[in-house]
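What follows is a set of notes on a single structure, which appears directly below.
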Amino acid sequence: MTSRPPRISRTGKSLIGFTYMLFIVLLLVPLLQIVFGAGKQGMGSFTQSLLRPEALHAMWMTFSVVVVVTLLNTFFGILTAIVIVRGDWLGRRVRQLMNSIIDLPFAVSPVIGGFMIVLLLGPHTVLGAFLAKVGMPVVYAFPGMVLATLFVTFPLMVREVVPVLQEIGTQQEEAASLLGAYSWTTFWKVTWPSIRWGVTYGVVLTIARSLGEFGAVLVVSGNIINKTQTMTTLVYQDVDNFNIAAANSVSLVLAVGSVTLLLLMEWAKKRKGVQADAH
Amino acid sequence: MNAVLHHKGVLWGFRTTLLLYMLLLIILPIAGIYVQSLSGGLGVLVESLTEPLAWQSVWLTIRLAFMAAVINVAVGTVSAWVLHRYSFPGRTLLNSLVDLPFALPTAVGGLMILLLLGPNSWVGQLADSMGLRIVFAEPAIVVAMVFVTFPFVIRAVQPLLEEADRSQEEAAHTLGASKWRTFFQVLLPQMRPGIISGGMLAFSRALAEFGAVVLVAGNIPGKTLIASVYIFGEIESDNPQGAAAVSVILLTLSFLILWLINTLQAREGRS
């Protein structure tokens, strides 16, 4: 990094120019388009689209899904990572298998992810019919949306924590338990400080993904207006109804959220890097 | 608290919960798709797949996802290299922007493309006057796929460049190798594992993409209907059999790619 040439050759300059063009055309212009699109229709129309009852409800749904999914995924993600790296009660092969299974949701199309839940718990299935009768329908209701989003976000936390745990090794934890600290204390005093920034990064990734999840939620929720509609599925419906201005307004809110999360990601990544160097 | 946590039953309960969570959340649903696709027997599966609209959608998806992956390999490799090699104003900003498609909801990505290239935009009108169709045609699908998978190649190549030994490049230069020869014989081999795994990840993600594509594709059966949108349509029209058949093809393909990436990475790690 330090041995950069002071002068940039002509090829270099044109390559930099190309990269700039690429980023501007592919990333920046589309993003600004959303901002200007909303600005062009004026503040009144912008707030009006957002204050529609269905828009307010969609925001509430998205918020609820994000909160519930982030909490559950953080808890189970950390636990799974600890088991994969430290779970001696499982054989090495089983843990290796688990480690590969973690990545499966990355390979599954979100639509298929939602479809799986409909197949297993939909109104036509025994389990789904039973749950609906007990008053807790899963599909076309909130629990299904949480399940679908959990499926999609599952690898995010695990993938952040596993490498950190592998890197720090067991020495400190063993020392702690030798000194008589029980595992709960060991976790908070020894393990947690090392994985903290990995977890923070995982949380930001989970929020971003659950905020933006569309395909899986669309299939599972049935996109019922004022009931199971989220912000992303509302954008879809608005576009479908040729109400581009409204779609644009909702998208702007989502985009502002994602850009904020992107900045948070950068910040967490830096902290994570600082911590990794310290080890 | 500690005494409670150390109680055997609690520990056992904890472990069972965790394994059940993985089983119920991931393994069972995936198995469910395969079971559903075969529930009517192999004949029905083959029948669902030989349905022209079904295999046309799968073939279209593979073709366009491959194009998107190739584009990303080309521009991603160059961008990763430029971001690593040169220091220029705005470099940090561009580097942060790389992850934007990961952070942005795919539906918003789709809407952006629709606004930018659609019939009401000047790009769309220009293309229209030349007799080209972008939105509701194949080009828009490729653009959507490229946008969504943009970070993969860059993020796979960057760590390799950070690790790479500059001295090799300098030695090649000192020995009189031309710039292009240095690039192809020294730099490209250093980046190759990242290019391959990043490209394959991009391909697999493009195969699976739904949100960005559904808004811009127009979803004309047999023409611009990609596999994930086809699956969605079959679910909506209450034909789980047809949806499962195409899902199985997509899933198997994605799993193969994932497995291939892992195998390649394990091999790179060993050598």
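The values are calculated or read from the model by the stated rules, or taken from the named source; none is laboratory data. Please read all numbers here as calculations on a predicted model, not as lab measurements. We place every Cβ from the backbone using ideal geometry, glycine too, and count neighbours over all the protein chains shown. Ligands, DNA and RNA are excluded from the accessible area calculation, which covers all protein heavy atoms including side chains. Shrake-Rupley method; radii C 1.70, N 1.55, O 1.52, S 1.80 Å.
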| Other protein chain Cβ atoms within 10 Å, averaged over every residue that makes up A:19-28 | 6
| message | With +1 on the Cβ of every Lys and Arg and -1 on the Cβ of every Asp and Glu, and nothing else charged, how large is the dipole of the protein assembly as shown about its Cα centre, in debye rounded to the nearest 20? | response | 1240
| note | For the pair A:Arg196 and B:Lys179, the simple spin-label estimate (label points 7 Å beyond Cα toward Cβ) gives in nm 4.7
| said: Give me P(r) over the protein assembly as shown, computed from all C-alpha to C-alpha distances, binned every 10 Å, as integer percentages. | reply: 3, 16, 27, 27, 17, 8, 2, 0
| A:Gln275 versus B:Arg63, label points 7 Å from Cα toward the beta carbon: distance in nm? | 4.8
| note | Looking only at lysines whose Cα falls under 23 Å of A:Lys227's and that sit 8 or more positions away or on another chain, we get A:Lys133
| said: With a 1.4 Å probe and all protein chains kept in place, how much accessible area does B:Tyr86 have, in Å² rounded to the nearest 10? | reply: 20
| said: 7 Å from Cα along Cα→Cβ at both B:Arg192 and A:Glu266: what's the point-to-point distance in nm? | reply: 3.5
| Loss of accessible area when B meets A, both sides summed, Å² nearest 100, probe 1.4 Å | 7300
| note | For chain B, shape from the Cα gyration tensor axes a ≥ b ≥ c, cut at a/c of 1.5 then a/b versus b/c, turns out oblate
| request: Go ahead and set up a Gaussian network model of chain B, Cα springs under 10 Å, then flag whichever of B:Ala69, B:Ala208, B:Ala137 fluctuates most. | output: B:Ala137
| note | By the Cα gyration tensor axes a ≥ b ≥ c (a/c under 1.5 gives rounded; else a/b larger than b/c gives prolate, otherwise oblate), the shape of chain A is oblate
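Are there DSSP H segments in chain A that both extend 24 Å or more along their axis (alpha-carbon positions) and score a mean Kyte-Doolittle hydropathy of at least 0.0? List them, or say none.
Those that pass (Cα extent of 24 Å or more, hydropathy at least 0.0) are A:53-86, A:142-168, A:192-212, A:244-278.
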| query | Pulled fully out, how much extra length does the chain show between B:Leu93 and B:Gln125, if you take 0.36 nm times their separation in residues and subtract their Cα-Cα distance? | reply | 8.3 nm
| Neighbourhood net charge (11 Å Cβ-Cβ; Lys/Arg +1, Asp/Glu -1) for B:Ala103 | -1
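For chain B, with all protein chains present and a 1.4 Å probe, just round the carbon and sulfur fraction of the accessible area to a whole percent.
68
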| task | Any lysines with Cα under 30 Å of the A:Lys269 Cα? List them, leaving off those in the same chain fewer than 8 positions away. | result | A:Lys13, A:Lys189
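Per residue, what accessible area does the protein assembly as shown have, given a 1.4 Å probe and all protein chains present, in Å²?
Using a 1.4 Å probe on heavy atoms only, each residue of the protein assembly as shown averages 47 Å².
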| query | Just by accessible area at a 1.4 angstrom probe, what is the order of B:Glu209, B:Glu234, A:Glu167 from largest to smallest? | reply | A:Glu167, B:Glu234, B:Glu209
| Counted charge near B:Leu53, where neighbours are those whose Cβ lies closer than 15 Å (Asp, Glu -1; Lys, Arg +1) | -3
| Taking Cα centroids, how far is segment A:105-181 from segment B:148-164 in Å? | 28
| field | Those residues of segment B:107-129 for which accessible area with every protein chain present is at least 20 Å² below the isolated value (1.4 Å probe) | value | B:Ala107, B:Val108, B:Leu111, B:Met112, B:Leu114, B:Leu115, B:Leu116
| request: Please report, to one decimal in angstroms, the Kirkwood hydrodynamic radius of segment A:116-260 built from all distinct Cα-Cα pairs. | output: 18.2
| note | Expressed in angstrom and rounded, the centroid-to-centroid distance over alpha carbons for segment A:240-279 and segment A:219-233 is 22
| field | Shape call, segment A:4-124: gyration tensor on alpha carbons, a/c limit 1.5 | value | oblate
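So what is the orientation-averaged projected area of segment A:52-191, using the convex hull of its C-alpha atoms, in nm²?
If I average the Cα hull's projected area over directions, I get 11.7 nm².
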| request: At 30 Å minimum axial length over the Cα atoms and a Kyte-Doolittle cut of -0.5, report the qualifying DSSP H helices in chain B, or say none. | output: B:52-85, B:138-163, B:240-270
